[in-house]
Amino acid sequence: MHMPFLPKWLRRFFKNENHSETLAFFRGIPIFHGLHSGQLGQVMIAMQRRHYTAGEKLFEEGQPGKAVFIIKSGQVELTRHSPDGGRSLGILGPGQMFGEMALLEQMNRTATATVTDDGEIYLLYTATLESLVREQPKIGVKLLRNMAIMLSALLRRTNKELDRIAKGGA
Amino acid sequence: MNQLRFWKAIFTLGALAVALYVLCQVWTVLIPFGIGIGIAYLVQPLIARFEARGVRRDRIVIVLYAGLLTLCVSLAVIFLPVMVREARQIGGDLPRYAATFDTMVERLNADIAGKFEGSLGKRAAALRIPFKAETVMDRVLAVSPHHLLGYAHFGLWAIIIPFVAFFTLSQGRRWMDALFDWTPAEYVESLLGLLAEVDSTLGAYIRGQMIEGGCVGVVTAAGLALLGFDGALLFGAATAAMNLVPMMAPIVGGALALLFGYFQGLPTSALIGIFCLFLLVRLLDDFIFIPFVLGHSVALHPVMILFAVLAGFEIGGFLGLVIAVPLAAVLKVVIGVVFGERRLSPVLDGRHIVS
């Protein structure tokens, strides 16, 4: 809490003890890099928290994507349909984000997300983020820059994979 | 399994029908609860700003709540007695105004009949203006806030509204968390979308309308008071309320102010002043209040607002008039979320080479 004009006892009275801990958690998520405490706080307020139990499906492949998910605790498995049943794309844990393509374009989900370990997940609806970006363009610039960096890194990795496959096949 | 789902759906629909029936039976009891939740909803963004800076929600709610309550009570203490006095005075004068107006109309009718009697004979009587201000006044009073006030138990409301608003503000986040925890996982994304869309449309609209209406009301009241109009504060408040309906404030409000000003015996210069004031308010509203306060947050088309207001008045009288626009905004959002699909156009074509 940054309110230096208040006396110390009053700052202690108003201070939310869990806030710093939650801020530290979100600061570790790549999309939020570079946001200062106040900006991060505004993004946090825009999020919705939900407890999930193992076996619950967050979304299914083919459904329209409307939100991005951030795992606070627990684990989530991403799977994709394949001719021989479901193919696991990986298991995600605390501090990892998924469904971020929904932030850029409202296309259908390309995988199914199932909770494998009970935990808490934050959801951020795309339109909420859009209105936050409209109201606070400085936050928007940082978020979009981080997303561009993430996508660029993913593209580089995909190019390397394709290169490796092409060389292997040759 | 299918049979189980069928019975679950039947049970849910039955429960909803019973709940709707009970709500219809006791809807007047729910009014103060609705107002309390509405106040909390309007104040919520202010609380969220502090929360984002690491301030404890419960404590900032207490402080802000005490401040807002003090402000409201102070405003009520200052302005309410003046408004009540003005309302009593206008209420007392109203029959006299109506009688004067009817006499004027009768005189006009007699003039018309006299002028056309020579050429039209007895048929000239059909040309008379069929208007009686007293009848209109009776009709208006039948649907005025008095009608609503019949439901109000102000002593009880004065306790319930602040109580509900306080608990909604301090516990609102927990209630939302509980709602999401209770909602089946497959519907969480849709519920989140629905609430976010309703909030962005409705919240911005209501807050914007309140600020815009407030600006219009203050300028009107100040202008009328300067012109020596009796009941300036009451007219300012009425203009602010009328501002909810497109064009109603400048046309109906302006015409009524001119008429009342005439009956109060104001000089011609003051009547011209009233005309100019409402013109100025309209221009201020169009070029300053709406662009700076409402911006592009109004997602409802003016024709839709007009239709909603007329339909609301037809169905629910004064209460229908008040809730018509927010209800139409919610309906529009729900339809948009259920049937709408937003897709961005592709920014890359097949010829683009990623490097």
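The values are calculated or read from the model by the stated rules, or taken from the named source; none is laboratory data. Values in this document were obtained by computation on a predicted structure and should not be read as measured data. In this analysis, Cβ positions are derived from the backbone assuming ideal geometry, glycine residues included, and neighbour counts consider all displayed protein chains. Please note that ligands, DNA and RNA were not included when accessible areas were found on the heavy atoms of the full protein model with its side chains. Shrake-Rupley method; radii C 1.70, N 1.55, O 1.52, S 1.80 Å.
What does the charge count around B:Asn243 come to, taking other residues whose C-beta lies under 13 Å from its C-beta (Lys +1, Arg +1, Asp -1, Glu -1)? Once positives and negatives cancel, what remains is -2. Here the protein assembly as shown is assigned +1 on the Cβ of each Lys and Arg and -1 on the Cβ of each Asp and Glu. Its dipole about the Cα centre then comes out at about 1000 debye. In 10 Å bins starting at zero, report the fraction of Cα pairs in the stretch A:46-113 per bin as a rounded %. Going from the shortest bin to the longest, the percentages are 20, 53, 25, 1, 0. Inter-label distance, A:Arg12 to B:Trp27: 5.4 nm, where each label sits 7 Å from its Cα along the C-beta direction. Here the stretch A:73-134 is assigned +1 on the Cβ of each Lys and Arg and -1 on the Cβ of each Asp and Glu. Its dipole about the Cα centre then comes out at about 200 debye.
Counting only other chain Cβ atoms within 10 Å of each residue's Cβ, the peptide A:96-105 averages 1. Which residue, B:Val77, B:Ile47, B:Ala19, has the largest displacement toward the positive end of the dipole of the stretch B:14-104 when charges sit on each Cβ (Lys, Arg +1; Asp, Glu -1)? Working it through, the farthest residue towards the positive pole turns out to be B:Ile47.
How much mean residue ellipticity at 222 nm does chain A get from its helices, if each DSSP H run of length 4 or more adds -39500 (n - 2.57) and you divide by all residues, to the nearest 500 deg cm²/dmol?
My calculation for chain A gives -13500 deg cm²/dmol from helical runs alone.
Over all distinct Cα-Cα pairs of chain B, the Kirkwood formula returns a hydrodynamic radius of 24.8 Å.
Measuring against 31 Å, Cα to Cα, the residue pairs A:Lys72/A:Lys167; A:Lys138/A:Lys160; A:Lys57/B:Lys8 contain A:Lys72/A:Lys167; A:Lys138/A:Lys160 as the ones spanning a longer distance.
When the stretch A:1-148 is described by a simple charge dipole with +1 on each Lys and Arg Cβ and -1 on each Asp and Glu Cβ, the residue from A:Met47, A:Gln63, A:Gly34 located farthest towards its positive end is A:Gly34.
Treating cross-link reach as a plain straight distance, find the lysines whose alpha-carbon is under 28 Å from the alpha-carbon of B:Lys332, omitting any fewer than eight places away in the same chain. Hits, sequence-local ones excluded: A:Lys66. Work through the residues other than A:Ile149 whose Cβ is under 14 Å from its Cβ and net out their charges, Lys, Arg +1 and Asp, Glu -1. Net of charged neighbours comes to +3. Within the straight-line cut-off of under 18 Å between alpha carbons, the aspartates and glutamates reachable from A:Lys8 are A:Glu17, sequence neighbours fewer than 8 places apart in one chain being disregarded.
Averaged over peptide A:9-22, the number of partner chain Cβ atoms lying within 10 Å of each residue's Cβ comes to 3.
Measuring nothing but alpha carbons in the stretch A:1-97 and taking Rh as the Kirkwood radius, the Rg to Rh ratio lands at 1.12. Look at where the Cα atoms of the stretch A:51-77 and of the stretch B:306-334 average out, and the two centres are 38 Å apart. For the stretch A:64-170, the equivalent ellipsoid derived from the Cα gyration tensor has semi-axes of 27, 21, 13 Å, listed largest first. With only the Cα atoms considered, the stretch B:1-133 has a convex hull volume of 328 Å³ per residue. Per-residue surface analysis assigns B:Trp7 an accessible area of about 150 Å², computed on protein heavy atoms at 1.4 Å probe radius. Other residues with beta-carbon under 15 Å from the beta-carbon of B:Phe289 carry, at +1 per Lys or Arg and -1 per Asp or Glu, a net charge of -1.
Only aspartates and glutamates eight or more places from B:Lys132 in sequence, or on another chain, were considered; those with a Cα closer than 12 Å are B:Asp102, B:Glu106. Per residue, the convex hull spanned by the Cα atoms of the protein assembly as shown measures out at 255 cubic angstrom.
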